[in-house]
Amino acid sequence: CVSAGMDTLTLARYYCELSLMEMDLIPERGSLLASACLLMALVTKDLGGWSPILQFHSGYQTSDLAPVVKRLYMMLLAPPDEKLKAIRNKYSHKVFFEVAALPLVNMDVLEKALL
């Protein structure tokens, strides 16, 4: 239901794997976290925001995702933690489209997608 390539889905998966090491994200429902990661990936790849079809299938509105997206953004903005080295190395390989090397989307762009 999302018109995104495997590279975009891999980017979302990368964000999800990084989030597993964040204690404050542990209580979040998996579906909410996955949806927030997908939204971050869509915005990063300039593929739009949370569409009505994604809202329908996920059950989440942008307003539901916004707090989690902001926490994910802060996680990604922080200096790389040594414990996340394996995840970053994994997603730096060509087989994973080198998504770990992609620059973080600008917060202003992300904020617009969350409106």
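The values are calculated or read from the model by the stated rules, or taken from the named source; none is laboratory data. This structure is a prediction, so every number in the text was calculated from the model and none was measured. For neighbour counting, all protein chains shown are included, and Cβ atoms are generated from backbone atoms with ideal geometry for every residue, glycine included. Surface accessibility is based on the protein's heavy atoms, side chains included, excluding ligands, DNA and RNA. Shrake-Rupley method; radii C 1.70, N 1.55, O 1.52, S 1.80 Å.
Brief remarks follow.
- When restricted to residues that are touching a residue at least 12 places away in the same chain (Cβ under 8 Å) and under 14 Å from A41 (Cα atoms), region 97-115 contains 11.
- Filtered by the rule that a residue be loosely packed, with under 14 Cβ neighbours inside 10 Å and within 21 Å of A36 (Cβ to Cβ), region 91-110 gives P103, L104, N106, M107, D108, V109.
- Residue in region 2-21 that is more than 24 Å from A86 (Cα to Cα), open to solvent by less than 30 Å² (accessible area, probe 1.4 Å) and either of a type in the set (A, V, I, L, M, F, W, C) or at pLDDT below 95 (or both) present: yes
- The set of residues from region 70-90 being touching a residue at least 24 places away in the same chain (Cβ under 8 Å), open to solvent by 70 Å² or more (accessible area, probe 1.4 Å) and among the aliphatic types (A, V, I, L, M) comprises just one member, L77.
- Looking only at residues of region 77-106 that are at pLDDT 95 or above and under 13 Å from the mean Cα position of the chain (by Cα), we find that the one that is nearest to M6 (Cα to Cα) is V99.
- Residue under evaluation P52, criteria (1) farther than 16 Å from C16 by Cα; (2) surrounded by 14 or more Cβ atoms within 10 Å (Cβ to Cβ), criterion not met: (2)
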